[in-house]
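Enquirer: I have a structure I would like to understand better, so I am pasting it below and will then ask my questions one at a time.
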Amino acid sequence: MDRTRARLTYSLLAMVGFLTVCPVVMLALGSFSEGLTAFGRFTLDKYIGAYADPAFFRVMLNTALFVLGSSVLATVLAVFLAYLNTRTDIPFKGLFAILSIIPMMIPHLLFSVSWALLLNPSNGMVNTVLKGLFSLERAPFNVYSLEGMILVEALLDLPIAYLIIAPAMRSFDVALEESSRVFGAGPWRTLVRVTLPVLRPAILAAFILGVVRSLASFAVPQVLGMPGRVSVLATHIYEMVSLGFSPDYGKAAALGMSVLAASVTLIYVYRALTAESEKYVTIAGRGYRPTLIELGRARIPLFGAVALLSLAMIVLPVAVLLYTSFVPYTMVPSARAFSMMTLKHWTDVLNDPLSLLALKNSLFLAVGGATLGVLLSIFVGYAVVKVRTRAAGILESLSFLSFSFPGIVIGVGFMWFFVQTPLYATIWALLIAYLATYLPYGVRPMASAFVQIHSHLEESSLVCGASQLTTLRRIIVPLLVPGIVSAWILMASMFVRELTVSVVLSRPGTEVLAIQILRFSDDGLWGKLSALGIVMIAISTALVLAANFVGARYSRAVAAGAG
Amino acid sequence: MEIQVRGLSRRYFSEGREIRALDGVDLTIPANRIFTLLGPSGCGKTTLLRCIVGLESPDAGEIVIGGETVFSKAQGISVPPEKRGLGMVFQTYAIWPHMNVFDNVAYPLQVRGVARDAVRERVARTLEFVQLEGYESRPATKLSGGQQQRVALARALVAEPKVILFDEPLSNLDAKLREETRKELKAFLGKLNITALYVTHDRVEALALSDLIAVMRAGRLVEMGTPQKIYFDADTQFVADFIGRANLVKARVRAQEAQRTLVDCALGAIACQRRDLPVGAEVTLCIRPEFIHVAPGAGAGENVVNGRIESQAFVGESYESEIRAGGELLLARIEPHARLATGDAVHFRLDPAHGLLVAR
């Protein structure tokens with residue numbers, strides 16, 4: 001029993017080790033090499049070239065402002081929403097669940113594009129309307145700016161921050177607050193002196209995760225930063241390797257090293273903080289009901305703010321894309337616009353061989369990649385939660401490591417690797433890189449599913465005479481189905497919209513949806529972009545529905561016909 | 001089936017320290033008896049059970065079940081749990097939440113490849129035995145705690161193992177249900193010809209259920225015997241104190257008689273149950289509260305102790321009183337209608353048979 005487990009752990013360690021360590025090592029070696037074709041010939045020129053560049057200072061400053069600004073904004077909004085939902089009598093609480101889940105279904109690239117369509121200075125719809133209404137000379141908003149980037153990135157990071165802070169707030173012992181009230185502090189003082197300090201680890205964790213995500217963010221700076229010439233590290237690195245310029249993977253790797261180092265450090269700080277916040281959250285389920293704070297007259301205005309936020313995060317992006325896909329050129333919604341509606345962009349896109357190829361590739365990567373990824377995640381989750389040897393501990397750290405991987409940097413690392421192999425420019429290169437970058441999205445739901453399976457459930461099956469394999473098939477897997485389904489959805493929807501790794505590794509013939517959309521965006525083909533974007537969102541949604549359906553049927557089948 | 005355990009050791013490493021969960025345990029569990037491992041938490045009783053069932057691997061020693069060696073460090077034998085053919089009831093019951101009652105109970109037969117009809121028939125018989133007939137298609141998690149307990153028992157019994165193991169099976173039930181289930185369990189086990197190994201930290205449970213009790217402490221076996229022997233005649237102070245409430249008084253052996261041993265202690269000269277102890281030995285006199293029958297006023301005579309009630313607490317069926325006697329504070333049970341008040345002088349005569357001497 002122990003021996004099979006040890007063998008399992010070591011083979012997993014080899015696989016996950018390859019996926020996570022390989023791109024990092026290749027990135028490091030590549031940064032000291034003279035070029036893709038001269039791998040291993042040592043030079044320091046790339047570091048000097050990358051960091052001594054006069055544009056570098058401006059890029060760093062932009063990056064710092066972008067990252068900190070968006071993370072602070074996302075965290076503040078998340079605390080506000082979480083507090084309203086868990087602690088007050090705000091109406092329509094179901095909205096909060098939607099607000100925290102649905103935006104994750106809308107790809108960052110499309111979200112950014114929709115805001116560009118609304119707020120760009122030349123013909124953004126909101127700007128055009130406001131100019132007409134108040135007879136303004138200039139557009140009031142310019143989304144092609146650092147402020148615009150910060151706002152959009154903050155909205156994108158908000159759901160994750162909310163999902164970290166809200167559970168902490170929900171499971172926090174209300175007696176701590178009640179005693180503060182008993183000793184004479186008002187609700188506001190209680191919030192500032194008791195609630196927020198106790199929640200500090202969770203809030204900090206959300207903030208740090210925001211930093212890591214915005215540091216790795218590529219869609220927002222590419223779509224909103226490039227037109228206004230606002231460069232951050234991610235887009236700066238992309239410029240170095242993008243095909244139009246003279247690509248220099250060495251310089252990109254040299255810059256990528258510091259982005260990666262920062263991300264890895266931050267993600268370990270994040271991990272320490274979440275461990276800390278779990279320590280704080282130690283109320284036993286005693287069936288208590290937290291008393292809700294009555295908002296009184298502020299109830300409706302606060303709800304209005306939440307509704308507005310939901311509108312901006314869910315309804316507006318999808319509506320704008322849908323609308324744009326039907327009008328012949330960018331115009332403000334009007335009777336005339338609706339009379340001119342056409343299916344031209346849709347037929348164009350559906351007859352465009354490149355778009356169809358991208359669609360096919362993305363579907364293959366989503367279904368095949370998620371299936372492989374979940375399979376690997378099941379074993380890794382099992383080893384991490386149930387085996388608990390030292391090797392399993394290393395496995396956990398390794399699988400967590402890729403959580404910090406900035407897509408574009410890891411793409412550059414993998415580029416150095418794939419160029420040395422026949423996998424270069426094949427769809428398998430993308431598959432491997434996707435798995436490496438998104439493994440934690442499979443491992444985490446699986447690990448928490450395993451945590452919920454008490455070891456007695458497994459042991460009693462063994463004592464009953466079932467082998468390890470039978471136990472896995474009849475006890476563990478059926479209990480894991482919800483975890484498997486959610487891991488699969490998460491990975492598949494990540495893969496269908498994947499942009500940052502693909503932007504480096506995709507070659508003619510291995511285009512994916514996001515790459516094709518980015519190409520339309522660069523060419524200003526908003527109608528075609530919107531049509532293809534809607535297809536992408538539809539696939540994500542269909543994946544979720546299908547996985548839910550299969551999961552429900554499977555658990556019913558297991559329950560019914562276990563004989 | 002008889003279970004033999006020889007020289008069993010199991011170490012853990014926790015935060016850099018070595019913990020000896022089992023430290024050279026030798027034990028023979030006779031066939032077809034209810035055998036209880038009793039001890040405070042962390043004494044190694046659950047580890048011993050898990051080693052016997054095969055869920056943990058000892059670091060040294062041997063385990064023989066019914067003549068078959070299932071574990072031997074020296075011979076490199078380690079039979080996996082699924083091949084040991086035992087039945088077990090877990091502390092959490094471990095009822096599989098995705099299966100109904102029938103599937104839970106049928107599982108051990110299904111994995112043994114028993115034919116469908118036979119499975120149906122044997123499950124029905126077992127469910128009838130634990131008085132759960134008609135519950136087959138209920139989702140197992142929708143049952144009450146006591147019913148889940150019986151499902152767990154049915155699952156452990158259905159494949160007719162020769163040995164059944166219980167890991168604190170009553171500790172998840174509330175006090176009233178625990179008592180009922182304990183009686184039920186004893187009745188069920190009484191009807192079967194089976195070796196039962198039962199682990200608990202609850203002394204009442206151990207006394208009420210067992211044919212034999214083994215008391216453990218810090219990974220070692222301290223004492224083994226019938227419930228009566230353990231309760232009235234413990235050899236060590238630890239066991240005497242653990243198995244029931246006891247007043248422990250320091251004493252010194254003064255003389256030995258044919259039937260009795262005389263000691264000097266703070267209560268005076270007391271005649272006790274005969275123990276082979278040398279004259280002058282430092283010992284502990286152990287008196288259980290229920291054997292202190294107080295009467296009002298002062299008394300005189302052999303083994304009569306005089307004292308004064310220092311405090312009383314009404315606990316329903318009696319008063320729990322503390323009596324100050326000769327500088328010692330003795331716990332005693334006083335009948336609720338005895339009409340004694342704090343500060344009253346009282347006396348009691350200790351029956352030498354209830355004066356238990358244990359080595360210090």
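The values are calculated or read from the model by the stated rules, or taken from the named source; none is laboratory data. It should be emphasised that the depicted structure is a prediction, and the values quoted were computed from it without experimental measurement. Reconstructed Cβ throughout: ideal geometry from the backbone, glycine too, with neighbour counts over all protein chains shown.
Enquirer: Hey, can you tell me all the residues within segment A:144-192 that are farther than 24 Å from residue A:209 by Cα and either at pLDDT 90 or above or not hydrophobic (A, V, I, L, M, F, W, C) (or both)? First the steps, then the outcome.
Expert: To start, the set of residues in segment A:144-192 that are farther than 24 Å from residue A:209 by Cα comprises A:144, A:173-190.
Hits for segment A:144-192 are A:144, A:173, A:177, A:178, A:179, A:180, A:181, A:184, A:186, A:187, A:189, A:190.
Enquirer: I would also like to ask the following. When both residues are 6+ apart or on different chains and their Cβ atoms are under 9 Å apart, which pairs have a first residue that lies in segment B:138-149 and is among the aromatic types (Phe, Trp, Tyr), and a second that is surrounded by 15 or more Cβ atoms within 10 Å (Cβ to Cβ) and in a helix (DSSP H, G or I)?
Expert: Qualifying pairs under 9 Å: none.
Enquirer: Whether any residue in segment A:44-58 is under 25 Å from the mean Cα position of the chain (by Cα), surrounded by 14 or more Cβ atoms within 10 Å (Cβ to Cβ) and not hydroxyl-bearing (Ser, Thr, Tyr) is what I want to check. If you could, list the steps in order and put the result at the bottom.
Expert: Of segment A:44-58, the ones under 25 Å from the mean Cα position of the chain (by Cα) are none.
Taking every residue of segment A:44-58 in turn, none turns out to be under 25 Å from the mean Cα position of the chain (by Cα), surrounded by 14 or more Cβ atoms within 10 Å (Cβ to Cβ) and not hydroxyl-bearing (Ser, Thr, Tyr).
Enquirer: State which residue is nearest to the chain's Cα centre (by Cα) when the search covers only segment A:74-132 and only residues that are of a type in the set (Val, Ile, Thr), part of a helix (DSSP H, G or I) and farther than 30 Å from residue A:200 by Cβ. Show your work before the answer.
Expert: Residues of segment A:74-132 that are of a type in the set (Val, Ile, Thr), as a first pass: A:75-76, A:79, A:86, A:88, A:90, A:98, A:101-102, A:106, A:113, A:126, A:128-129.
From what's left, part of a helix (DSSP H, G or I): A:75-76, A:79, A:86, A:98, A:101-102, A:113, A:126, A:128-129.
Still in the list and also farther than 30 Å from residue A:200 by Cβ: A:113, A:126, A:128-129.
Working: A:113: 17, A:126: 28, A:128: 32, A:129: 33 Å.
Checking each candidate, the answer is A:113.
Enquirer: Moving on to the next point. Can you name every residue in segment A:240-255 that is buried (at least 18 other Cβ atoms within 10 Å of the Cβ) and farther than 18 Å from residue A:419 by Cβ?
Expert: Matches in segment A:240-255: A:255 only.
Enquirer: Here's a check for you: in segment B:91-113, which residue that is outside any helix (DSSP H, G or I) and free of Cβ contacts under 8 Å to residues at least 12 places away in the same chain is nearest to the other protein chains (Cβ to nearest Cβ)?
Expert: Here the answer is B:98.
Enquirer: Among the residues of segment A:492-513, is any of a type in the set (Gly, Ala, Ser), closer than 26 Å to residue A:543 by Cβ and within 14 Å of chain B (Cβ to nearest Cβ)?
Expert: No, there is no match, as no residue in segment A:492-513 is of a type in the set (Gly, Ala, Ser), closer than 26 Å to residue A:543 by Cβ and within 14 Å of chain B (Cβ to nearest Cβ).
Enquirer: One residue is enough: does segment B:4-14 have a residue meeting the conditions closer than 28 Å to residue B:151 by Cα and among the β-branched types (Val, Ile, Thr)? Outline the logic, then answer.
Expert: Start the filter on segment B:4-14 by keeping residues that are closer than 28 Å to residue B:151 by Cα, which leaves none.
No, segment B:4-14 contains no residue that is closer than 28 Å to residue B:151 by Cα and among the β-branched types (Val, Ile, Thr).
Enquirer: Based on what the data block shows, is residue A:65 assigned to a helix (DSSP H, G or I), under 27 Å from residue A:486 (Cα atoms) and out of contact with any Pro (no Cβ under 9 Å at 6 or more places or on another chain)?
Expert: no
Enquirer: Would segment B:320-333 turn up any residue that is under 26 Å from residue B:230 (Cα atoms) and assigned to a loop (DSSP other than H, G, I, E, B)?
Expert: Looking through segment B:320-333, none of the residues is under 26 Å from residue B:230 (Cα atoms) and assigned to a loop (DSSP other than H, G, I, E, B).
Enquirer: For residue A:239, only one of the following conditions fails: (1) in contact with a helix residue (DSSP H, G or I) (Cβ under 8 Å, 6 or more places away or on another chain); (2) modelled with pLDDT of 80 or more. What is its number?
Expert: Looking at each condition in turn, residue A:239 falls short on (1).
Enquirer: Take the residues of segment B:70-90 that are facing chain A (nearest Cβ under 7 Å) and part of a loop (DSSP other than H, G, I, E, B): which is surrounded by the fewest Cβ atoms within 10 Å (Cβ to Cβ)?
Expert: B:80
Enquirer: Give the residue, chosen from A:426, A:421, that is on the phi < 0 side of the Ramachandran plot, surrounded by fewer than 24 Cβ atoms within 10 Å (Cβ to Cβ), more than 14 Å from every other protein chain (Cβ to nearest Cβ) and in contact (Cβ under 8 Å) with a residue 40 or more places away in the chain.
Expert: After applying the criteria, what remains is A:426.
Enquirer: For segment B:119-152, which residues satisfy the criterion of being over 23 Å from the mean Cα position of the chain (by Cα), more than 12 Å from chain A (Cβ to nearest Cβ) and closer than 24 Å to residue B:81 by Cα?
Expert: Residues satisfying the conditions are B:122, B:126.
Enquirer: In the set A:489, A:484, A:475, A:453, which member is farther than 22 Å from residue B:92 by Cβ, within 14 Å of another protein chain (Cβ to nearest Cβ) and touching a residue at least 12 places away in the same chain (Cβ under 8 Å)?
Expert: A:484
Enquirer: Restricting attention to segment B:51-80, report how many residues are within 30 Å of residue B:181 (Cα to Cα) and touching a Lys or Arg at 6+ places or on another chain (Cβ under 9 Å).
Expert: Selection size over segment B:51-80: 7.
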